[in-house]
Amino acid sequence: MCGVVGYIGGRNAQPVLLNCLARLEYRGYDSCGIALDGGSLRVCKDIGKIAELAKVVPQLDGLAGIGHTRWATHGAPSRINAHPHLDCSGTIAVVHNGIINNFQVLRRRLEAEGHSFISETDTEVIPHLIEKYYRGSLEEAVVAALGEIKGSYAVIVLAAGESKLVVARNGSPLIIGVGDREHFIASDVPAVLDYTNRVIYLEDGDLAVVTSGGVSVTSRGAGVERKETRILWSVEDAQKAGYEHFMLKEIHEQPKVIRDTLVNWVSVADSVVDIAAMRRNLESMLILACGTSYHAALIGKYVIEELLSIPVRVEIASEFNYYGQTLARTAAIAITQSGETADTLKTIRKLRAARCLVIAITNVVGSSASRLADHTIYTWAGPEISVAATKSFMVQLMVLYWLVMSYSRIDPGRLAELVMDLRGLPEKVQRVLGRGDVISEYASYLAQHEDVFFIGRGINFPVALEGALKLKEVSYIHAEGYAAGELKHGSFALLGSGTPVVAILARDNTYEAMLSNIKEAKARGAPVLAVAEEGDVAIRELADFIITVPVVDAIFSPVVNTVALQLLAYYTARERGCPVDTPRNLAKSVTVE
Amino acid sequence: MKQAVILAAGEGNRLRPFTASKPKAMLTIAGKPILEHVIEALAGSGVRSIVLVVGYRREQIFDYFGSGEQSGVEITYVKQERRLGTAHALLQAKGVVADEFLVLSGDKLISADTIAGFVAVEPEAVLVKRVDNPTRYGVVTIEDDLVREITEQPKVAESSLISTRIYALSREVLNVIDARLAISDALNAMIAQGRPLRAYETDGTWLDIVYPWDILSLNGLILRQINPEMGGVIEKGVSLRGLVSVGKNTVIRANSSIVGPVVIGDGCHIGPHVCILPATSIGDNVVLAPLTEVENSVIGSDVTIGAGSIIQDSVIDQGSVIAGHFTAAAGEAEVRINDEHHSLKVGAMLGEGCNIGSGVVAQPGVILGSHSRVKALRLISGRLPDRSLVF
């Protein structure tokens, strides 16, 4: 979703605009820009983050300005397509959130009339229309211009030397923050809360002329009064939507993001990337990632090998960069939530140099990974704010499943079964979320310990690794993930009554072996917390605590099991009073090698 | 800019199994939770600052509405940790309300015209409505537009006017109302102290859900008012008549017939040769396999229904997987809810996450609890609790 901001008043507008834009970051964006009126208009915009823009933007002085965060719809993310957009004379600047349905017709007409366009966006027709209708009154020109537009918009118009902003709303949100002889305009209230808690909500069809001294609103030509509202909540509260932490909110968003993946791909039987068509003689595959994405990659290996019988290598990007060899015919998948993980980017460059085909899986449109790879698959998990990755991991997993299932080599009967199970996953995950009370009770037990082992086998071995990683990063408890069979090769020496073992089970060919491993751990006095299927009777005799998860095909067991472990990590961290969303020493995206 | 406080902490005990994992306000009618209908009505009347008082299964509300941006409103959440009546729920919002505000129930279905005039009235006021069966509600007696008393569920109604439980209040009132009471009793006490409560009448939509089958009648009423959208892929030979709305990336396969009013959500796979008759709502990510007929029913998201099934006057909650040749035909039935007996024409009521084998027949009026499993070729009847195993 795009975001717009505007400022007019006595301060230098540039830092105000950059700060307001940063407050809209949670909406997600691929490029950003600002325009200031210092007698003439000056524009600075680019793809990338607001912090980067802030570094490169020259000191522009001006008491009025507008800004924008763009999430590409019409036209790719690029400097040219970023807002603000200008008219031919460079004296009118516009930022816009929304979609103009008839922009192609308008653009052709304006071009015929001699206006020259430089971007591919729908927005650019607005400044040119305003220019066309300008007869000395900016607001009248804006009314005439918007009268031509079919679609939705929240727009802010800045014209050189006018000492006012003209704003209008139709179908996209827009608010005006009221300060002391200054006004702030934004798509959403959090953008202005650093400056004021007095807000005017505009309604659809409203047009407002905003100066430093006042706001006058008209609706369909007639003056209307829009009352001020006092905002009593904080920015963070609003974005957390009722939850205590972003991590819990994002864990709870997983049924929705899974369903979105299904709606976008599975329902229309759209293949994510047709591997077969791209490389006929695909003999092996390579998956590269770091951190949580690496665990998604390991699960992907089991899924691909089982369903497609193609050998798969999974490598940690930072390791591969120093020794990994590969052949040109290999197809590689690089997974990075942020699309900016430095190690993974380096890997992509190395693979491309070796003439490998690279598919990037990332959550951020226009990120570096998407620009470097041959093909990009976007995971559409929405912005993830908590440092600990939860929903982005889940969507990576869903994309890997569908990448494999949309490949034509699978037996149709087996595929039909799998698709049915896949479609049932949102409800299954919802059911795990419903166990929050039980899990938080077990978490308060776990929170009393300093060392925890996670064990799993087969496709649930990476789940053990992920469970351990989540627990260490948010609760600061030392945790280790092990392939269950490996415990006896050394780590047994550490087991005792003070080292709980979290065992992750699935009803596949590893089940019996897992029961033996649990017995071995119990024999050393270790308390066992099992994550097991509903109706599993055998485990009740063995485990001290059981988190039950719904029955799914074993190939999807990582989905429900991981959600249970995410909740376990979250509640344990909360019990220990840790800063769940911002663990010490960690950053959301790791942009250094 | 007016503010509204919506009470959405209620559980809806008589609506089980549909309220086993969600609050009553999140029951889906015509493709949207009741609470979303309420919020849309408010936004449509220019009320965009919304306080939601949540309690039972509140995560479902957080996850659906978030900060309110999708609905074009700003939502502030307030928690009612223990359920101690409606006045207590309202008092939880004391710290965040403006000088004047509206109070509404999140589980009574309204439309914009219901409250269009009421949003502008001065406090203290109550919105009233004339109904046929007033004794189920708070009956309001008035004198010169001023309320004399609100009597909750009287044996004999002195008037056909009832309280819609929609109020316009001022913040000062929160200082005088007693947290131990229902809001109506607290307002009676306020009237007794000499503070007037004005009554405004509406003839707009105001619908309550008390029993599971009310979901069907409300769905039928609201479906008539939908604005149809066409977002999916409609294959050749599909017949669409009446008001039919199809969500994005839904595929309706060849030779299916849909007679509106019907709402189908996003990402569904319908057909080929499926027949959907009025008045049916279907959620997102639903599969209806070939030769299935669905009539006057509500089907939740993530449901799969196998080939050759017949579903009439039924509610199937989200995530249920039903194998082929399932029959839930409508018929006269005696249904017991708590200690009340009802006789009506109805199909089957299936809770969420059920797993039904092939060839199962559901007798009219069956209520199957959530997460139940039924083996192939069984006949189910009566009331079955959550997690039943029918083997």
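FYI, it's all coordinate maths here, none of it is from the lab. Note that the structure is predicted; figures quoted are calculated from it, not measured. Cβ atoms come from the backbone with ideal geometry, glycine included; neighbour counts cover every protein chain shown.
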Inter-probe distance in nm under a simple model that places probes 7 Å from Cα toward Cβ, at A:Ser491 and A:Glu306: 2.1 nm
Extension gain, B:Asp178 back to B:Ala192 (0.36 nm per residue minus Cα-Cα distance, nm): 3.7 nm
Solvent-free Debye scattering, log10 I(q)/I(0), computed from the Cα coordinates of the protein assembly as shown at q = 0.06, 0.08 Å⁻¹: -0.48, -0.87
Computed FRET value (nearest 0.05) for B:Val210 with B:Glu81, which takes r as the C-beta separation and R₀ as 25 Å: 0.45
Helix-only CD estimate at 222 nm, as mean residue ellipticity for chain A, using -39500 (n - 2.57) per DSSP H run (n ≥ 4): -11000 deg cm²/dmol
Inter-centroid distance (Cα atoms) of the range A:180-227 relative to the range A:441-470, Å: 51 Å
Sparse-neighbour loop sites [GluC sites (Glu not before Pro); the range B:62-127; at most 16 other C-beta within 10 Å; DSSP]: B:Glu81
Where a label projected 7 Å from the Cα of B:Glu143 along Cα→Cβ would reach, residues of the range B:152-188 with amide N under 17 Å: B:158-159, B:188
0 to 90° range, to nearest 10: angle between helix A:103-112 axis and chain A longest Cα axis: 40 degrees
Chain B: angle of helix B:183-192 to the longest principal axis, Cα-based, in degrees nearest 10: 20 degrees
A:Ser444-B:Asn13 FRET efficiency (beta carbon distance; Förster radius 25 Å; 0.05 resolution): 0.25
From phi via Karplus (6.51, -1.76, 1.60), per-residue ³J(HN,Hα) for the range B:203-217 in Hz, x at Gly/Pro: 10, x, 4, 7, 10, 10, 10, 10, 10, x, 6, 4, 3, 5, 5
Efficiency of FRET from Cβ geometry, A:Tyr323 and B:Glu229, R₀ 60 Å, rounded to 0.05: 0.65
Cα-projected label distance for B:Arg241 with A:Glu244, points at 7 Å along beta-carbon direction, nm: 5.7 nm
Per residue Cα convex hull volume in Å³ - calculated over the range A:338-412: 102 Å³
Extension gain from A:Lys227 to A:Ser516, taking 0.36 nm per residue of separation minus the Cα-Cα distance: 97.1 nm
Chain B: relative contact order in percent, alpha carbon pairs under 8 Å with at least 6 residues between: 11 percent
Highest-first arrangement of A:310-317, B:264-271, A:74-81, where packing means the average Cβ count within 10 Å: B:264-271, A:310-317, A:74-81
Within the range B:344-362: backbone nitrogen closer than 17 Å to the B:Leu377 label point (7 Å, Cα to C-beta): B:356-362
0 to 90° range, to nearest 10: angle between helix A:13-23 axis and chain A longest Cα axis: 30 degrees
Total formal charge among the other residues, if their Cβ is under 13 angstrom from that of B:Glu124, Lys/Arg +1 and Asp/Glu -1: -2
Violating pairs (Cα-Cα greater than 25 angstrom) within the set A:Lys49/A:Lys428; A:Lys45/A:Lys240; A:Lys240/B:Lys79: A:Lys49/A:Lys428; A:Lys45/A:Lys240
Backbone N within the range A:152-174 under 12 Å of label point (7 Å from A:Glu113 Cα along the Cβ vector): none
Alpha-carbon centroid distance for the pair the range B:272-290 / the range B:108-163, whole angstrom: 39 Å
Flagged links, alpha-carbon separation over 28 Å, of A:Lys150/A:Lys256; A:Lys391/A:Lys472; A:Lys150/B:Lys22: A:Lys150/A:Lys256; A:Lys150/B:Lys22
